[in-house]
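K.L.:
Pasting a structure here, questions to come.
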Amino acid sequence: MISSFVEKSRPVVGEIGAGYGILFHFISRDLSDFCYLDFDLPETLSCATYYLMKSFPEKRFLLYGEGELDEEATREYDFIFMPSFAIRDLPNDSVDIFINMSSLGEMKPNACLAFVNEICRTSHGFWHMNHEYVRNEFEDGTASLVNGEYPVPEESFDLVVRYIDALNAAWQGVFEPGYDIYGYYYTRRS
């Protein structure tokens with residue numbers, strides 16, 4: 001489904017909090033040519049880099065510190081791995097779709113707001129699957145944001161689809177009113 005949201009022949013796909021890269025690994029089955037940007041914690045990037053380099057030995061990889069994160073890099077490399085703070089270096093409107101599964105809902109509110117603002121500044125589409133109702137509580141007394149609180153600007157983006165993650169609910173054996181994981185897909189207005 002996610003790969004169908006991208007119509008370009010060589011899309012630039014960004015992801016925040018990709019873990020070891022399994023979601024994109026599945027998405028890439030429908031994409032023959034792409035540039036994938038992974039923004040994450042350094043330790044997690046190490047796992048993703050190893051896994052995806054082993055899975056795609058024929059592809060070109062750029063790791064943090066080896067070059068600049070700019071439009072030229074997205075044309076030259078197939079995979080780019082950067083620490084999360086490097087998202088600020090992305091040029092405006094340079095990503096075809098940003099994806100996020102679960103990690104926005106695991107962040108403190110200020111971090112989540114900053115990432116969503118960067119996603120909206122840089123991308124034409126935004127797909128995420130996160131908590132709809134349940135918040136994560138942090139030791140300092142703050143709580144995470146839920147889907148409806150992400151600052152996706154209504155004047156710039158249209159919500160194309162919002163859906164309950166029925167597959168995950170079935171897998172967990174919990175499907176009742178108030179189920180908490182929802183997917184959203186937004187596109188930038190022309």
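K.L.:
Looking at residue 146 and the list (1) in contact (Cβ under 8 Å) with a residue 40 or more places away in the chain; (2) out of contact with any His (no Cβ under 9 Å at 6 or more places or on another chain), which single condition is not satisfied?
P.N.:
Single failed check for residue 146: (2).
K.L.:
Among the residues of the range 24-41, count how many are more than 19 Å from residue 119 (Cα to Cα) and open to solvent by 80 Å² or more (accessible area, probe 1.4 Å).
P.N.:
4
K.L.:
Next up: Among the listed residues 134, 146, identify the single one that is at pLDDT 95 or above and either at positive phi or hydrophobic (A, V, I, L, M, F, W, C) (or both).
P.N.:
On inspection, the qualifying residue turns out to be 146.
K.L.:
Quickly run through the range 67-92 and pick out the residues that are in contact (Cβ under 8 Å) with a residue 40 or more places away in the chain and of a type outside the set (Gly, Ala, Ser).
P.N.:
Those that are in contact (Cβ under 8 Å) with a residue 40 or more places away in the chain and of a type outside the set (Gly, Ala, Ser): 74, 75, 77, 78, 79, 80, 81, 82, 83, 87, 90.
K.L.:
Then there is this: Inside the range 59-145, counting only strands (runs of 3 or more DSSP E) that do not spill past its ends, which hold 1 or more residues that are touching a helix residue (DSSP H, G or I) at 6+ places or on another chain (Cβ under 8 Å), of a type in the set (Phe, Trp, Tyr) and open to solvent by less than 10 Å² (accessible area, probe 1.4 Å)?
P.N.:
79-83, 97-101, 125-131
K.L.:
For the range 1-23, what are the residues that are surrounded by fewer than 23 Cβ atoms within 10 Å (Cβ to Cβ) and acidic (Asp, Glu)?
P.N.:
7
K.L.:
How about the range 127-166: which of its residues are closer than 20 Å to residue 186 by Cβ, over 16 Å from the mean Cα position of the chain (by Cα) and among the polar types (S, T, N, Q)?
P.N.:
144, 156
K.L.:
Quick check on the range 7-14. Is at least one of its residues in contact with an Asp or Glu (Cβ under 7 Å, 6 or more places away or on another chain), of a type in the set (A, V, I, L, M) and in contact (Cβ under 8 Å) with a residue 40 or more places away in the chain?
P.N.:
Yes, because at least one residue in the range 7-14 is in contact with an Asp or Glu (Cβ under 7 Å, 6 or more places away or on another chain), of a type in the set (A, V, I, L, M) and in contact (Cβ under 8 Å) with a residue 40 or more places away in the chain.
K.L.:
A follow-up question, please. Residues of the range 28-69 being in contact with a Phe, Trp or Tyr (Cβ under 9 Å, 6 or more places away or on another chain) and of a type in the set (D, E, K, R), which ones?
P.N.:
38, 40, 59, 60 - these are the residues of the range 28-69 that are in contact with a Phe, Trp or Tyr (Cβ under 9 Å, 6 or more places away or on another chain) and of a type in the set (D, E, K, R).
K.L.:
Residues that are assigned to a strand (DSSP E or B), at pLDDT 95 or above and either among the aromatic types (Phe, Trp, Tyr) or open to solvent by less than 40 Å² (accessible area, probe 1.4 Å) (or both): does the range 44-53 have at least one?
P.N.:
No - not one qualifying residue is present in the range 44-53.
K.L.:
I want to confirm something. Restricting to the range 70-102 and keeping residues that are modelled with pLDDT under 95 and within 11 Å of the chain's Cα centre (by Cα), which single residue is farthest from residue 13 (Cα to Cα)?
P.N.:
Among those residues, the one meeting the criterion is 102.
The values are calculated or read from the model by the stated rules, or taken from the named source; none is laboratory data. Since the structure is predicted, the reported quantities are computational estimates derived from the model, not experimental observations. Note: ideal-geometry Cβ built from the backbone for every residue, glycine included; neighbour counts use all protein chains shown. Surface areas here come from the heavy atoms of the whole protein model, side chains and all, with no ligands, DNA or RNA. Shrake-Rupley method; radii C 1.70, N 1.55, O 1.52, S 1.80 Å.
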